[in-house]
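A.B. asks: Dropping the structure in here first, questions after.
Readers should treat all values here as calculations from the given coordinates under stated rules, not as data from a laboratory. Keep in mind that this is a model prediction, so the values were computed, not measured. Positions of Cβ are generated from backbone atoms using ideal geometry, with glycine treated the same way; all protein chains shown enter the neighbour counts.
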Amino acid sequence: MTRTISIIIGLTITAIVTIVLCTFTGPAGFGIPSAGHGTADIVGGIRLPRVLAAFFVGASLAVAGAVMQALFKNPMADPYILGTSSGGALGASVAIVFVGGLFVPIFAWAGAVIAILIVWSIASRRGIISVETLLLTGIAVSFFFSAIVSFLITISGENVHQIVFWLMGGFWNASASDAILSACILVPAGLLLFFMGRDLNALSLGEETAAHLGIDAARARWSVLGGSTLLVASAVSIAGSIGFVGLVTPHIVRMLLGPDNRVVIPACVIAGGILLVISDTLTRTFFSDLPVGIITAFIGAPFFIWLIYQRGNVK
Amino acid sequence: MSDTNRINAENLHAGYDTQDIVKSISCTFASGTFTGIIGPNGSGKTTLLRAFSRVIPSSGILELDGKDVRDYTPAEFGMALGFVPQDEGRPFSYTVLQVVLMARYARTSRFAALTPDDYARCHRALDETGVAHLADRSIRTLSGGEWQRVLIARALAQDTNVLLLDEPTSHLDLAHQSDILTLMCDLAASGATIIGVFHDLNLAALYCDRLIMIRNGQMVADGTPAQVLTPEKIRNVYGADVVTSCHPATGRTFLMPVKTTNGNVSHLKSLHIQVISGGGSGAGLLHFLAGRGLSLSAGILATTDTDYVTATALGIPCIPVLPFSQISAHALENLKVMLAQADKIVLSVHPVGAGNLPVLLALRDVDPARIIIHLPEGREFASYDFAKGTAAAAYQNLCAAGALCTSTYNGILRLLSPIINGD
């Protein structure tokens, strides 16, 4: 218990230090840029909102990933498993192609939520929803939406660049309102999921087990799906679909702190935030602002392969 | 308290999608009882148990402590009924203690921490199932048997009056099987209602005071193990031939399968085989030959002889005599009739002294070609002689006269075969 608390405190301190350092880091080097006027605006008006948005999006993705893995009893599940990212991509592509690039975040948010609602309604029969059906339906709907996005890309002409960049995910346009919006969703959804932590623990051993242990499995499942959908939709609408943060962060947290979701969820908020802030700082500082999804995939994929390898060796 | 009905099911139907697996089952389970549910694969045992624990929908009356199970809140139900699954996935590395502590969720608010009492109860449950030393281990490192005992500990820590067990000993070794089932008997004795699904009928007969046998989702028998486990019912429901007896060590009903289908000896089924044995030498042989469906008779056997017990249990005719007494002329005459009627005689080499020497000598009058001698590998006739050399000589003479000798049971089957081909 003391170990858990000290690790959480350590993570929190790391998060604060990371946010401060990354806010003062940019292509111009470390510190407040001295050249020209309005330099304070760069730090406070551009970098700080971007760092905070990255933090909250990373936190949202990590928490959503952790609860999806628990719900699906599968440590390989990721937050986009129910079609959110392809739904968001479709929404964003529609906005770019047909609405001239206006309201992209709103369209992306709507696309993500619509995708989940379609998956839910296909997967539920007579009010009962099976986790396995949900998973398979999510995959099917994802492919369908991706096909439409590919079609839109082929007919989009000069907008193709915009769509492809959006698909890879990034924080180029992150504003203060984005940071505030994502925080406003992260706080209530995160609290809801945190207080569903023990239900998630029981659910991660199986729905019937949860029911036998006196957990309201149906209510837990709906709250978890609802909470994580809000988190992923807000992340997708702000930054596109950034891979691997939601998949890998819960694994790192579980390696440090064990699988109890009442610990994993708060730790994921901090660790997911740190990871995405660092990745985003790397790309805007050293890689001429490449889509951050490239960085997270570049680091995350080998790490994930190492995890799978470890899983085979160590029980 | 001891006579209250905890579970009451009337005309209960349950199943998956539109198909009913459990059809019209009515039964009650009192407190202080340990009931076994038995039946062949796919008969609906587990489905019935899952209907009781309401993880699958059911229709008909189903009451727990006088209240419809569908009216319980999830938490109330978790405090009233515990369930031990056959197995459970282990995707995450929870510690054993973390998993068992989940038993206390139903009794604790989600905004409160577990109390020291909750921890004490869980440690006691781990102790009761013999896994206390594993408390801090990751569940992913446990063996199947250890994991099963953790699942039982978790159900115990729920502190419920009713406990449902789905093959609770399927992964356990011999010692742990008896530990766990004795624990269940003790719980029943202190007022709990225990219901278990069993594949091992002997285990069920040994520990349960009541058995319910189901076939195709319907109850076909309900009563004490002795009432339910009859050869007729087992044949009807399982399609297997068994012999039942009262086990000498436990006094409980005991089953033994006798017939196995074995195609390659079907050509021997028209034969009648006379087995001559004694002192327990023929018990395994009788079971081996009976299990292949051959027509058998046994010889003169003292009623204290293991061979006699085996022959009686398998329903093989023999000539019983009192132990430690001279074989009567009457018994010997009967034996000679049997020898004359048999197609083949299998002589299982056994200790021979003055008392049973006449049986061996009676074989001198039989065509040696009809005799097959079974002498275990590495043994000699002399080591069975307790008649100052005459017994060994009698065995030797049979061999010399042309009786065939083998050291294995399968060798006997091979030696039995040619006479059909030859005829």
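A.B. asks: Which Cα, out of A:PRO266, A:ILE81, A:PRO105, lies furthest along the positive dipole direction of chain A (beta carbon charges, K/R +1, D/E -1)?
C.D. replies: A:PRO266
A.B. asks: Taking H placed 1.01 Å from N in the peptide plane, check which residues at least 5 places from B:VAL84 or on another chain put their amide H under 5 Å from its amide H.
C.D. replies: Residues meeting the amide H criterion: B:LEU164, B:LEU165, B:ASP166.
A.B. asks: Per the Kirkwood formula on distinct C-alpha pairs, the Rh of region B:5-256 is how many angstrom?
C.D. replies: 18.8
A.B. asks: Still on this model: What net charge is computed for the residues neighbouring B:ALA392, neighbours being all others with C-beta under 12 Å from the C-beta of B:ALA392, Lys and Arg scored +1, Asp and Glu -1?
C.D. replies: 0
A.B. asks: Once phi is turned into ³J(HN,Hα) by the Karplus curve 6.51 cos²θ - 1.76 cosθ + 1.60 with θ = phi - 60°, what whole-Hz value does each residue of region B:202-214 show in order, with x for glycine and proline?
C.D. replies: 5, 5, 4, 5, 6, 10, 8, 8, 8, 10, 10, 9, 10
A.B. asks: For labels at B:ASP365 and A:VAL20 in the simple 7 Å Cα→Cβ model, what's the distance in nm?
C.D. replies: For the pair B:ASP365/A:VAL20, the computed spacing is 11.3 nm.
A.B. asks: Can you give me the convex hull volume of the Cα atoms of region A:2-313, divided per residue and expressed in Å³?
C.D. replies: Convex hull volume per residue, Cα atoms: 138 Å³.
A.B. asks: Give me the Kirkwood hydrodynamic radius of region B:263-422 in Å, from all C-alpha pairs, to one decimal place?
C.D. replies: For region B:263-422, inverting the mean 1/r across all distinct Cα pairs yields 15.6 Å.
A.B. asks: Follow-up. Go ahead and estimate [θ] at 222 nm for chain A from helices alone: -39,500 (n - 2.57) per DSSP H run with n ≥ 4, summed, over the residue count, rounded to 500.
C.D. replies: -25000 deg cm²/dmol
A.B. asks: Here's another thing I want to ask about it. Please report, in debye to the nearest 20, how large the charge dipole of the protein assembly as shown is about its Cα centre when each Lys and Arg carries +1 at its beta carbon and each Asp and Glu carries -1 there.
C.D. replies: The calculation lands at about 640 debye.
A.B. asks: Convert each backbone phi in region B:246-252 into a coupling constant with the Karplus relation 6.51 cos²θ - 1.76 cosθ + 1.60 (shift: θ = phi - 60°), then list the ³J(HN,Hα) values in order as whole Hz, x for Gly and Pro.
C.D. replies: Once θ is set to phi - 60°, the couplings for region B:246-252 become 8, 5, x, 7, 10, x, 9 Hz.
A.B. asks: Just for the Cα atoms in region B:31-146, what are the lengths along the principal axes, largest first, rounded to whole Å?
C.D. replies: Computed over region B:31-146, the largest-to-smallest principal extents equal 43, 37, 30 Å.
A.B. asks: Please compute the length gained on full extension between A:GLU158 and A:ILE122, using 0.36 nm multiplied by the number of residues separating them and subtracting their Cα-Cα distance.
C.D. replies: So the extension gain works out to 9.4 nm.
A.B. asks: Separate question: Rounded to the nearest 0.05, what FRET efficiency do A:ILE180 and B:HIS199 have when you use their Cβ-Cβ distance and R0 = 45 Å?
C.D. replies: Here the calculated transfer efficiency is 0.15.
A.B. asks: Rounded to whole Å, give me the distance from the Cα center of region A:242-256 to that of region B:51-69.
C.D. replies: Computed from Cα coordinates, the inter-centre distance equals 41 Å.
A.B. asks: Something else now. Report, as a whole number in µm² per second, the diffusion coefficient that Stokes-Einstein gives for region A:170-210 at 10 °C and 1.306 mPa s using the Kirkwood radius over alpha carbon pairs.
C.D. replies: In µm²/s, the coefficient rounds to 129.
A.B. asks: Counting other C-beta atoms within 10 Å, which of A:ASP260, B:ASP173, B:ASP305, B:ASP222 has the fewest, and how do the rest follow?
C.D. replies: Ordered from fewest to most neighbouring Cβ atoms within 10 Å, A:ASP260, B:ASP173, B:ASP305, B:ASP222 come out as B:ASP173, B:ASP222, A:ASP260, B:ASP305.
A.B. asks: On a straight-distance basis, which aspartates and glutamates could pair with B:LYS344 in a cross-link, Cα separation under 13 angstrom, same-chain partners fewer than 8 positions away excluded?
C.D. replies: B:ASP367
A.B. asks: Still on this structure: Based on the Cα coordinates of region B:44-104, what is the per residue volume of their convex hull in Å³?
C.D. replies: 107
A.B. asks: Roughly how far apart, in whole Å, are the Cα centres of region B:1-43 and region B:234-249?
C.D. replies: First find each Cα centre; the distance between them is then 23 Å.
A.B. asks: Taking neighbour Cβ counts within 10 Å as the exposure measure, how do A:MET168, A:MET255, B:MET184, B:MET256 sort from fewest upward?
C.D. replies: A:MET255, B:MET256, A:MET168, B:MET184
A.B. asks: To continue, here is another question. Per q in 0.09 1/Å, what log10 I(q)/I(0) does a Debye calculation on the alpha-carbon atoms of chain B return?
C.D. replies: Each listed q corresponds, in turn, to -0.72.
A.B. asks: Which of B:HIS123, B:HIS350, B:HIS272 comes first, and how do the rest follow, when ranked by fewest Cβ neighbours within 10 Å?
C.D. replies: Going from least to most buried by this count: B:HIS272, B:HIS123, B:HIS350.
A.B. asks: Moving to a separate point now. Whose amide H sits under 5 Å from the amide H of B:SER24, counting only residues 5 or more places off or on another chain, with H placed in the peptide plane?
C.D. replies: Hits under the 5 Å cutoff: B:LEU12, B:HIS13, B:ALA14.
A.B. asks: Once every DSSP H run of n ≥ 4 in chain B is given -39500 (n - 2.57) and the sum is divided by its residues, what mean residue ellipticity at 222 nm do you get, rounded to the nearest 500 deg cm²/dmol?
C.D. replies: My calculation for chain B gives -9500 deg cm²/dmol from helical runs alone.
A.B. asks: Next up: DSSP H helices in chain A with Cα extent of 27 Å or more along the helix axis and mean Kyte-Doolittle hydropathy at least 1.6?
C.D. replies: A:2-23, A:48-71, A:104-123, A:131-155, A:176-195
A.B. asks: At 0.36 nm per residue, and after removing the present C-alpha to C-alpha distance, how many nm does the segment from A:GLU208 to A:MET76 gain when stretched out fully?
C.D. replies: 45.4 nm
A.B. asks: Around B:ALA205, under 13 Å between beta carbons, what's the net of Lys plus Arg minus Asp minus Glu among the other residues?
C.D. replies: Local net charge: +1.
A.B. asks: State the Cα centre-to-centre distance between region B:209-226 and region B:277-339 in whole Å.
C.D. replies: With region B:209-226 and region B:277-339 each reduced to a Cα centre, they are spaced 35 Å.
A.B. asks: Let me ask you something else. For peptide B:77-86, how many partner chain Cβ atoms fall within 10 Å of a residue's Cβ, on average?
C.D. replies: 3
A.B. asks: Based on Cα positions only, what radius of gyration and what Dmax would you give for the protein assembly as shown, in angstroms?
C.D. replies: Cα radius of gyration and Dmax of the protein assembly as shown are 37.0, 130 Å respectively.
A.B. asks: Quick one: which residues, 5 or more positions from B:GLY279 or on another chain, have an amide H under 5 Å from its amide H? H modelled 1.01 Å from N in the peptide plane, none for Pro or chain starts.
C.D. replies: B:ASP307
A.B. asks: Taking the Cα centre of chain A as origin and charging only Cβ (+1 Lys, Arg; -1 Asp, Glu), how large is the dipole, in debye to the nearest 20?
C.D. replies: The dipole magnitude comes to about 540 debye.
A.B. asks: Another one. Could you pull out the pairs from B:LYS233/B:LYS269; B:LYS67/B:LYS233; A:LYS73/B:LYS45; B:LYS23/B:LYS67; B:LYS23/B:LYS269 whose alpha carbons sit more than 32 Å apart here?
C.D. replies: Pairs exceeding the cut-off: B:LYS67/B:LYS233; B:LYS23/B:LYS269.
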